[in-house]
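**Q** Take a look at the following structure, please.
The values are calculated or read from the model by the stated rules, or taken from the named source; none is laboratory data. If you're wondering where the values come from, they're calculated on a predicted model, not measured in any experiment. With ideal geometry, Cβ positions are generated from the backbone for all residues, glycine too; neighbour counts draw on all protein chains shown.
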Amino acid sequence: MVKRKIDNRIRVLIENGAAQGHRTLVVLVGDKSRDQVVYLHHMLSKASLKQASVLWCYKKELSFSSHRKKRMNQLKAKRKAGLAEVNEDDPFEMFVSMTEIRYCFYKDTHKILGNTYKMCVIQDFEAMTPNILCRTIETVEGGGVIVILLQSLTSLRQLYTLSMDVHARYRTEAHQHVVPRFNERFILSLGSCSMCLVMDDQLRILPVSSHLRDLEAIPSASASKLSPEEQELKDLKETLKENPPIGLLVNLCKTLDQAKAVLQFVMAITEKTLRTTVTLTAGRGRGKSAALGLAMAGAIAFGYSNIFVTSPSPENLRTLFEFVLKGLGELGYEEHMNYQVLRSSDPQFNKCVMRITLYREHRQVIQYIAPGESKCLGQAELVVIDEAAAIPLPLVRDLMGPYLVFLSSTISGYEGTGRSLSLKLIDQLREQSKGSQDENKKKDDGIGRVLHEVTLDESIRYKNGDPVEKWLHHILCLEASLTTLPKALPAPQDCQLFFVNRDTLFGYHKVSEKFLEQVTGLLVASHYRNTPDDLQILSDAPAHHLFVLLPNQENIKGDELPTVLCVIQVALEGKISKSSVISAMSQGEKPSGDLIPWTVSNQYQNYDFPQLSGLRVVRIATHPHMQSKGYGSRAMELLEEYYASSSIHADYDATLAPETTQMKLVQDQEVGLLEEKLGPNSSAAPLLQALNERPAEALHYLGVSYGASSKLLTFWKRQGFTLVYMRCADANVSA
């Protein structure tokens, strides 16, 4: 094998990550990129002074054949017995045979949540979704390496037109052409991550990683020193060492934030007022469930008898119950001697813990209940609500009562990110807590409660300031927040609706990125459950359009970015051939997309309705501080006027919309991989387009599908909409 010198910056970047406790992102382009994983793993193991465990995620088939994998297992067994030697001429064969590798299908990535690895290899990029990207990257600990393999590409620009597997769900009969805007923004964003390295399959650094040109090594002496947070945590554990049970529980905490959260929980437990609510909000991977579990163990130590815990699913409580048992073990409780654990026999829950019964001093119970079983809380002393962001708000309110309540919520991450929880429920609790000192205001329905708020910022797996986390949160808009409203706001009648060009919005321009944060901030704040996949739908779904309500130009100063007052995401539906309708309904199928046509045709057994063209309002989001002031109604009024004019342009073809005319196809042979320079399109179309400058698609109807409530029903009736169908059961996608 011919030896060649590898760019020293690769080793320096990995060693810097190991020294700082930060992760490194490596993107390998080319057919032989898989073979370079061996050298990256070797450098990582050398930097971390131990062999790095590997998570290998793929779609259906490994890049090496399955019989080779079986042979590797046989070779491992023989090598352990001293009967065979590994073929040292094949580095990849040595890597597979000597390394601890966990292979995982993309469809099974939910099973690796909570696990930790030193290296994660992601292949089959076409099957990747934002949710999967979050799940896999989140498993890598500080100092580790994430490797993304782009094996079938010879140019990064090929990603601009790469058809992703998820695009099949976005296509409808009338809208087949998908533009992968998400991929373009993904590639352009790699240059903004200080710990990202993009290379070809010969480990040559590509121009997109030019920011690493002057990379310098970090002295190891500075890395070994404890950070101020680590030193404070060490001192706190030492101080509480002689104070059981709190000292024993804090000793199990991994970060200072987590230790302070457990202390706050225990303080509320010891007060025993039963009218206190403690809210715990944090991003993904901060140790919320572990802190709740340790606090519940503390409640047992302080004599609480009836503890109830709820979550969207018992499977979500694995980590929580794991730390309940760890806390009990630290406090001297032994299973079968002092407590019994009852696990679910339901196969879909995979033996999840459902109840823990303790009987050392007196009978104490920790019981799981479903979110809708609030009637079971009559004798409750402590109720723990984990992942409250993924539970509809009315159910969360029903769970509040005359007992101690611990409530945790993920405010950014890859599962339900619930800004509405933090904005609505916690705001209500703040208002109620203001009057808690007035004894006359206290009632049994939870009004007048004392509120304590706890936030976790420090990650469990890696140290603060991780550049990969910052990049991931930015590219997926996981931390998009609401903008501050100006002091003077225009009246709804003085606002105008604009069409948003998605090519420009997702083109990674500085201005469009700020505008995208405004839009996603409003969408997250208005809907109780959001996932990163929603962003890809917004960017790539061919039938979707985006409209924003903005103040008139005279209300905008200079070149400042206008404040988005309302966002409307719509989807064009219908235009389904009668033969397709008959075929689908005769087979009991309901293709993805076209929600209203398929629902109405199935309910009324009407084969003609799906042939009509319609528009469905997917989401309408108004700034929370401006709701019920007429801005949403004004936006809908302008939208209806816009599409009412579609009869004037009846011959207008939606596929010829100017949204995608700015795209430029680049042939593979135009530029080499090592000379390829990427950047935002300098000739992009304007981000916003006045409605009178864009002909509207011809429509037969305008519709909406939403989770029914008296407030929403009143709003849509006020807009002139008529109720044509109502489900008998609650949907799990709306509050």
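**Q** So in the range 284-333, with the set limited to residues that are hydroxyl-bearing (Ser, Thr, Tyr) and assigned to a helix (DSSP H, G or I), which one is nearest to Leu113 (Cα to Cα)?
**A** Thr319
**Q** Just to be sure before I move on: is Glu242 surrounded by 14 or more Cβ atoms within 10 Å (Cβ to Cβ), out of contact with any Asp or Glu (no Cβ under 9 Å at 6 or more places or on another chain) and free of Cβ contacts under 8 Å to residues at least 60 places away in the same chain in the structure I sent?
**A** Values: surrounded by 14 or more Cβ atoms within 10 Å (Cβ to Cβ): no; out of contact with any Asp or Glu (no Cβ under 9 Å at 6 or more places or on another chain): yes; free of Cβ contacts under 8 Å to residues at least 60 places away in the same chain: yes.
No.
**Q** Sort out which residues of the range 709-723 are β-branched (Val, Ile, Thr) and surrounded by 12 or more Cβ atoms within 10 Å (Cβ to Cβ), and write them in order of number.
**A** none
**Q** Whether any residue in the range 446-465 is free of Cβ contacts under 8 Å to residues at least 24 places away in the same chain and touching a Lys or Arg at 6+ places or on another chain (Cβ under 9 Å) is what I want to check.
**A** yes
**Q** Which of the following residues is on the phi < 0 side of the Ramachandran plot, modelled with pLDDT of 90 or more and of a type in the set (Lys, Arg): Lys575, Lys557, Lys629?
**A** Exactly one of Lys575, Lys557, Lys629 is on the phi < 0 side of the Ramachandran plot, modelled with pLDDT of 90 or more and of a type in the set (Lys, Arg), namely Lys629.
**Q** Test each condition in (1) outside any helix (DSSP H, G or I); (2) within 30 Å of Thr484 (Cβ to Cβ); (3) modelled with pLDDT under 90 for Leu678 and report the one that comes out false.
**A** (2)
**Q** Out of (1) at pLDDT 90 or above; (2) assigned by TED's automatic domain parsing to the domain that holds Asp503; (3) assigned to a loop (DSSP other than H, G, I, E, B); (4) within 18 Å of Met636 (Cβ to Cβ), the odd one out for Ala708 is which?
**A** Just one mismatch for Ala708, condition (1).
**Q** Report yes if Leu687 is within 28 Å of the chain's Cα centre (by Cα) and at pLDDT 90 or above, otherwise no.
**A** Taking the combined requirement at face value, the residue satisfies it.
**Q** I've got another one for you. What is the one condition in (1) over 23 Å from Cys253 (Cα atoms); (2) over 26 Å from the mean Cα position of the chain (by Cα); (3) modelled with pLDDT of 90 or more; (4) exposed (fewer than 15 other Cβ atoms within 10 Å of the Cβ) that Met354 does not satisfy?
**A** Only one criterion in (1) over 23 Å from Cys253 (Cα atoms); (2) over 26 Å from the mean Cα position of the chain (by Cα); (3) modelled with pLDDT of 90 or more; (4) exposed (fewer than 15 other Cβ atoms within 10 Å of the Cβ) is unmet by Met354, namely (4).
**Q** Inspect all residues belonging to the range 225-238 and state whether any of them is crowded, with 20+ Cβ neighbours inside 10 Å, under 30 Å from Lys590 (Cα atoms) and of a type in the set (A, V, I, L, M).
**A** Taking every residue of the range 225-238 in turn, none turns out to be crowded, with 20+ Cβ neighbours inside 10 Å, under 30 Å from Lys590 (Cα atoms) and of a type in the set (A, V, I, L, M).
**Q** With the range 162-239 as the region, which helices (runs of 4 or more DSSP H) entirely inside it contain at least 1 residues that are modelled with pLDDT of 90 or more and in contact with a helix residue (DSSP H, G or I) (Cβ under 8 Å, 6 or more places away or on another chain)?
**A** 167-170, 181-189, 228-239
**Q** So, in the range 600-630, exactly how many residues are of a type in the set (S, T, N, Q) and in contact (Cβ under 8 Å) with a residue 40 or more places away in the chain?
**A** 3
**Q** In this structure, is Ser592 out of contact with any Asp or Glu (no Cβ under 6 Å at 6 or more places or on another chain), closer than 30 Å to Leu159 by Cβ and part of a loop (DSSP other than H, G, I, E, B)?
**A** yes
**Q** What's the number of the only condition in (1) surrounded by fewer than 17 Cβ atoms within 10 Å (Cβ to Cβ); (2) hydroxyl-bearing (Ser, Thr, Tyr); (3) at pLDDT below 75 that Ser412 fails to meet?
**A** For Ser412, the failing item is (1).
**Q** Next up: On the given criteria, is Ala268 touching a residue at least 40 places away in the same chain (Cβ under 8 Å), part of a helix (DSSP H, G or I) and either of a type in the set (Gly, Ala, Ser) or outside the structural domain of Tyr39 (by TED's automatic domain parsing) (or both)? Spell out how you get there, then give the answer.
**A** Working: touching a residue at least 40 places away in the same chain (Cβ under 8 Å): yes; part of a helix (DSSP H, G or I): yes; either of a type in the set (Gly, Ala, Ser) or outside the structural domain of Tyr39 (by TED's automatic domain parsing) (or both): yes.
Yes: the conditions hold for Ala268.
**Q** Among the residues of the range 95-125, count how many are over 24 Å from Leu317 (Cα atoms) and touching a residue at least 60 places away in the same chain (Cβ under 8 Å).
**A** The qualifying residues number 7.
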